[in-house]
Amino acid sequence: MAEMIKVCLAGDTGVGKTSIVKHFLGDPTGYKFARPTIAVEANPSVQIQSSEGKLVNLSIWDTAGQEEFRNLVPLYFRNASVCIVVASYDKYDSFQSVGDWQDIIFQTCTTCKLILVANKCDLTPSNGITEDFISDKGRSIAALEVFKTSAVTGEGIKDLFQYIVDCKDIEADQNFLTGLKDEDKEQLNIAQEPNRDNKNCC
Ligand code: GDP
Ligand code: MG
């Protein structure tokens with residue numbers, strides 16, 4: 001069975017978390033979609049080939065707006081292998097929140113690796129957001145890597161997920177697939193898998 005890596009997204013509301021995931025999952029080339037697996041019906045799972053040719057399943061956990069109140073339930077991050085902490089070039093405050101997100105993640109998942117993503121690189125950066133500032137933020141949360149992305153142009157998005165499957169420091173953990181009860185799923189209220197048949201769906 002292919003390895004399964006649970007990938008969570010965190011970051012202030014509006015920074016582009018959902019757009020990054022949608023852009024990645026909508027990519028017509030190279031990625032083979034797998035049906036969601038048991039206990040993670042609400043999450044899209046996607047199979048990617050590592051640079052060494054190994055097949056890796058990513059279970060991607062996006063939020064459905066709960067992050068606005070920072071009340072993501074602990075289950076959300078449980079047994080995540082990696083968490084993508086997203087901030088946005090047009091919002092200085094979203095970078096100031098990165099440390100808070102690190103704290104929230106580590107409350108549940110002490111072994112979770114972090115990646116910092118500076119999204120909306122297609123926009124003019126707000127005052128104070130320089131390359132050095134972003135690298136410093138990455139270091140401040142001990143991020144394995146920092147990526148610059150745009151869900152509009154697609155810049156950096158494939159590289160981000162390819163890095164996750166190739167990175168030796170990110171270990172697969174099947175445990176999150178077991179032990180999720182119905183009430184857990186209800187509590188999570190995570191984003192539904194995008195319905196590809198219904199283009200007009202909100
Ligand atoms: P979330 O709350 O973090 O999930 O953010 P969303 O993905 O819902 O995006 C919030 C808004 O930012 C939407 O209007 C998106 O169209 C826009 N957006 C997301 N990513 C980008 C990007 O890379 N560049 C630009 N210019 N806009 C983006
Ligand atoms: Mg969202």
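Read-outs throughout are calculated quantities, based only on the coordinates presented, and are distinct from any laboratory measurement. Note that the structure is predicted; figures quoted are calculated from it, not measured. Neighbour counts are summed over all protein chains in view; Cβ atoms, including those assigned to glycine, are modelled from backbone coordinates with ideal geometry.
Odds and ends about this structure:
- Backbone geometry of the range 137-153 corresponds, through the Karplus equation with coefficients 6.51, -1.76 and 1.60 at θ = phi - 60°, to 3J(HN,Hα) couplings of 4, x, 5, 5, 10, 6, 5, 5, 7, 10, 10, 10, 10, 9, 7, 8, 8 Hz, x marking Gly and Pro.
- Amide H to amide H, with H built 1.01 Å from N, LEU114 comes under 5 Å of CYS83, LEU144, counting only residues 5 or more places away or on other chains.
- Highest mean packing first, where packing is the average number of other Cβ atoms within 10 Å per residue, the peptides 77-90, 148-161, 131-144 line up as 77-90, 148-161, 131-144.
- Taking 0.36 nm per residue of separation and subtracting the Cα-Cα distance, full extension of the segment from ASP166 to SER51 would add 40.8 nm.
- For ILE5, the residues whose modelled amide H falls within less than 5 Å of its own, excluding neighbours fewer than 5 places apart on the same chain, are ASN57, LEU58, SER59.
- Other residues whose C-beta falls under 10 angstrom from the C-beta of LYS54 contribute a net charge of -3, scoring Lys and Arg +1 and Asp and Glu -1.
- Projected label points at ALA2 and THR111, each 7 Å from Cα along the beta carbon direction, are separated by 2.3 nanometres.
- Across the range 76-82, coupling constants 3J(HN,Hα) worked out from phi with the 6.51/-1.76/1.60 Karplus curve, θ = phi - 60°, read 4, 8, 4, 6, 6, 7, 8 Hz, and Gly and Pro carry x.
- Model label sites at PHE133 and ARG70, defined 7 Å from Cα along the beta-carbon direction, differ in position by 2.1 nm.
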